[in-house]
Amino acid sequence: INDLSDLSKDNIVEKIKAKLQEEDPDLCQEWEKSKPDNDSGSDINYIFTISRGQNSKEVKLLHLASYWNCANVAKALIENGADINAEHDNKITPLHIAAHYGHEDVVTILTGKGAIVDAKNGDGWTSLHFAVEKNHENVVNTLIGKGANVNAENDKGWAPLHLAITNGHKEIVQVLSKAEGINVDAKNSDGWTPLHLAAANGREDIVETLIEKGADVNAKDHYKWTPLTFASQKGHEVVKGALLKAQENIKALHSAVKHNNEEEVKNLLNKGVNVNAKDDDGCTPLHLAAREGCEDVVKTLIAKGANVNAEGIVDETPLHLAARGAIKM
């Protein structure tokens with residue numbers, strides 16, 4: 001049906017009924033009987049019960065079109081009044097299905113016709129979670145382009161970036177890490193950041209990417225374990241070395257700030273040291289510069305992208321510290 005040249009919203013039900021009559025007359029008859037009293041046609045949102053062995057699922061036509069990658073059918077169904085955000089078992093929507101199976105054309109149609117991009121299933125998964133887990137890069141890009149929340153958490157606190165790293169999808173990690181608003185330090189229910197997971201899995205390439213994007217190398221989970229702890233416990237020596245180097249660079253930056261050494265601060269930042277890297281006390285270089293009254297260093301850090309609203313260990317931002325010290329920022 002999907003390949004019919006004359007397929008439209010006006011004949012989609014008729015075409016599906018004709019095919020279903022050939023394949024399953026009884027099911028077709030049940031569907032026909034479901035039509036509303038004031039409607040001469042079958043209900044476009046009829047719930048079909050699909051049985052497979054001992055299992056059965058209740059789905060609508062749009063779910064099936066999304067599953068079978070029938071973009072033309074999906075478009076005609078939506079234009080005919082199909083519920084674009086219809087949910088079936090575990091609150092699965094057509095967009096969840098299309099994203100899970102990497103059906104880019106269907107995803108494009110659904111998002112273009114108003115599907116809720118960040119709708120969650122019963123486990124808190126969004127369409128972006130599904131696409132990321134299955135490594136469908138094009139679908140991931142499409143969803144992000146349609147405004148998908150790159151930091152959406154499922155019921156276990158896992159963001160798409162956590163899933164990409166756990167499954168070793170380096171290209172997806174690159175896409176997500178470049179997305180506007182991405183939180184590279186998001187913690188799941190165990191307190192693990194993406195860097196914890198990359199270190200635990202020995203992914204030097206992903207560890208380097210996250211460090212470049214400003215990931216907190218000193219982040220602690222609920223058991224006070226850092227990414228370095230994971231790398232050490234797992235015997236990932238290369239990753240361990242990368243993390244130790246990052247920590248040394250951070251210490252050097254903080255030391256330069258404390259000593260009001262503006263030239264060394266610039267030198268380290270130009271080498272790629274994270275301008276917002278926190279020390280063991282949760283302070284960024286800007287916290288230290290504001291607290292120590294290093295006005296020129298403050299200006300340098302801000303010019304390099306320092307976050308003036310970053311919270312330290314006592315929830316004080318650099319702005320708070322600057323106000324106390326009467327430093328202009």
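No value in this document is a laboratory result; all are computed from the given coordinates. In this text the structure is predicted, and so the values were computed from the model without any measurement. Virtual Cβ from ideal backbone geometry, glycine too; neighbours counted across all protein chains shown.
Which whole-number percent is the relative contact order of the range 1-149 (Cα, under 8 Å, 6+ apart)?
17 percent
Which of Thr229, Ile1, Gln21 sits closest to the plus end of the dipole of the chain, meaning its Cα is farthest towards the positive end, when Lys and Arg get +1 and Asp and Glu get -1 on the C-beta?
It is Thr229, whose Cα lies furthest towards the positive end.
Which residue, Asp279, Asp216, Asp89, has the most motion in a Gaussian network model of the chain that connects Cα atoms within less than 10 Å?
Asp89
Using Cα pairs under 8 angstrom and six or more residues apart, how large is the relative contact order of the chain, in percent?
8 percent
At 20 angstrom or more along the helix axis (alpha-carbon based) and mean Kyte-Doolittle of -0.5 or higher, what helices does the chain contain? Whole DSSP H runs only.
Working: long enough: 237-258 (31 Å, 0.08).
Result, helices passing both filters: 237-258.
Treat every Asp and Glu Cβ in the range 1-83 as -1 and every Lys and Arg Cβ as +1, leave all other atoms uncharged, and give the resulting dipole magnitude about the Cα centre to the nearest 20 debye. Write down the numbers at each step before the final one.
Details: 10 positive and 16 negative charges, 58 e Å.
So the dipole magnitude of the range 1-83 works out to roughly 280 debye.
Output the Cα-based Rg and Dmax of the range 1-149 in Å, rounding Rg to one decimal and Dmax to a whole number.
Over the range 1-149's Cα set, Rg and Dmax evaluate to 15.4, 46 Å.
Just the Kirkwood number for the chain, please: inverse of mean 1/r across all distinct Cα pairs, in Å, one decimal.
22.8 Å
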